[in-house]
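To keep things clear, I will list the structure first and then write my remarks on it.
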Amino acid sequence: MKNKFPNDFFWGTATASYQIEGATDKDGKSKSIWDTFTHTPGKVKNNENGDTAVDHYHRYEEDIELMANINLNSYRFSLAWTRIIPEGIGKINPKGVDFYSRLIDKCLEKNIEPFITLYHWDLPQSLQDKGGWANRDITNIFSDYSEAIVKNFGDRCNHFITFNEPQVFTIHGYVDGYMAPGYKDLEKYFASIHNVNVAHGKAFQAMKSLNNNIKIGCTLNMAPCIPATKSSEDLHATKLFDTYWNRSFADPMYLGRYPELLIDDVSKHIQQDDMKNIFQKNDFIGLNHYQHIRIKADNKSLLKARGAFNDELPFGLDGKDAKLTLMGWEIVPDAYYDQIMDLKNNYGNPNIYLTENGAAYPDLIEKNGEINDTDRIDYFKKYLSAVKKSIDDGAKVKSYFAWTFMDNFEWALGFEKRFGIVHVDFKTLKRTPKKSYYFFKKLVEQNSIPFDF
Ligand code: FCB
């Protein structure tokens, strides 16, 4: 039928360990850079932290049941490296492995295909103390970690994502200091770009040599960059920012080369065979997408370019009708379509897993206990329509994971921004499905967008 998504489409939601698990010092887990960052006063809104988060560590069964009740057939989650190899290198912690084994088994029992992200930003602090992503040693250390993952979970899981959004954790972690580990250091940033690329390539090979059947890719947060004004400075800044944001990992991993505007900055880190190692036959590219980005030249920023704040835009947000989510992010479904087609047309028509997309809203609970998040449903309808159009136009899109399953700890913004299709009361940790949860139920049931919902 015309409106149907492909039969073997993966419908699911995505989460990240630090944002949901809590239990940050339980069962042999050590500290990650996010434990350190959140406990450094002034780094996170209201000095909140993920110590308890939404306690998924103890409530995972209830959470997977909720997913199963709406027939989601997949779940993307990340592993906390600090649970599995607490010191980052060396000894495996059986209790950490056991937690993820139980989680995976629960998914499989419910016919939910696990998609595992190896690294969603929570680097072991002990590795950060040795230089983190800026120290080349980490390329082998990450590869060893990836082997441990496949040895323990490769018998039951088919899909592995090496990194979540490398440009986000390198730019915000090493350039503007907005996220852990909170540096503002260009040299460390350029070294990190190359080391993450090499780590991906080495891990890919290590994992495949253990199990050639598993599917491996990297998840990138990509978005069309457009100039905030027509000034030549902003036009140039847009090219620069597009390079850093969109191409610094996509091009080496998926095309085998660094973009021209970056090559001088990273060349001193490139060793023999690195480019060959980075450029693997990835099984898919993971795409996280939320909005397009308006770019401004800024001499004070280390990269000389940055995203514009909405109140800086002289012509407003494309006229009166532009709508924003609670993050201040513009709702532009066409940008999603354009981004997917950019991958199709310029990256060799890869298999594309949409690994995150969603919107934050205030989500007030009504007197009768319901959460009628109609804005979010409207957002999903529009963005899913863009996905469908890209599939009709030949993009090989295989999945859609909504960000996110339940409200959680939103990094430097603390608990304020709710993205879930399930509401969480952060005091009692009670889960309450929102209206969008039932929208997903219908979406999966009919395998097409329920516009009448
Ligand atoms: C993405 C992150 C995810 C979440 C969403 C809102 O960039 O991967 O953890 O914070 O944004």
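Yes/no matrix, rows are residues, columns are (1) open to solvent by 70 Å² or more (accessible area, probe 1.4 Å); (2) modelled with pLDDT of 95 or more:
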site: ALA237; (1), (2): no, yes
site: ASN246; (1), (2): no, yes
site: MET253; (1), (2): no, yes
site: GLU260; (1), (2): yes, yes
site: HIS269; (1), (2): no, yes
site: PHE279; (1), (2): yes, yes
site: ALA297; (1), (2): no, yes
site: PHE315; (1), (2): yes, no
site: GLU330; (1), (2): no, no
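If you go through the stretch 332-366 and keep only what is part of a helix (DSSP H, G or I) and open to solvent by 20 Å² or more (accessible area, probe 1.4 Å), you end up with PRO333, ASP334, TYR337, ASP338, MET341, ASP342, LYS344, ASN345, ASN346.
Residue-by-condition table, conditions (1) open to solvent by 10 Å² or more (accessible area, probe 1.4 Å); (2) among the aliphatic types (A, V, I, L, M):
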| position | (1), (2) |
| --- | --- |
| ASN368 | yes, no |
| ILE391 | yes, yes |
| SER399 | no, no |
| LEU413 | yes, yes |
| ARG418 | yes, no |
| TYR438 | yes, no |
| GLU445 | yes, no |
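If the condition is being within 14 Å of the ligand (Cβ to nearest atom) and touching a strand residue (DSSP E or B) at 6+ places or on another chain (Cβ under 8 Å), then the stretch 354-377 contributes LEU354, THR355, GLU356, ASN357, GLY358, ALA360, TYR361, ARG376. Of all residues in the stretch 106-125, which are more than 15 Å from PHE401 (Cα to Cα) and either more than 15 Å from the ligand (Cβ to nearest atom) or open to solvent by 10 Å² or more (accessible area, probe 1.4 Å) (or both)? The answer is LYS106, CYS107, LEU108, GLU109, LYS110, ASN111, TRP121, PRO124, GLN125. Scanning the stretch 385-420 for residues that are within 16 Å of the ligand (Cβ to nearest atom) and not in a loop (DSSP other than H, G, I, E, B) yields SER399, TYR400, PHE401, ALA402, MET406, TRP411, ALA412, LEU413, ARG418.
Of all residues in the stretch 76-97, those satisfying the criterion of being outside any loop (DSSP other than H, G, I, E, B) and surrounded by 15 or more Cβ atoms within 10 Å (Cβ to Cβ) are ARG76, PHE77, SER78, TRP81, THR82, ARG83, ILE84, GLY96, VAL97.
Can you tell me which residue is nearest to the ligand (Cβ to nearest atom) among those in the stretch 151-172 that are open to solvent by less than 10 Å² (accessible area, probe 1.4 Å) and assigned to a strand (DSSP E or B)? Out of the qualifying residues, it is ASN164. In the stretch 281-295, the residue that is nearest to the ligand (Cβ to nearest atom) out of those that are open to solvent by less than 20 Å² (accessible area, probe 1.4 Å) and in a strand (DSSP E or B) is ASN288.
The values are calculated or read from the model by the stated rules, or taken from the named source; none is laboratory data. In this text the structure is predicted, and so the values were computed from the model without any measurement. Neighbour counts run over all protein chains shown; Cβ positions are idealised from the backbone, glycine included. All accessible areas refer to the heavy atoms of the entire protein, side chains included, with ligands and DNA or RNA removed. Shrake-Rupley method; radii C 1.70, N 1.55, O 1.52, S 1.80 Å.
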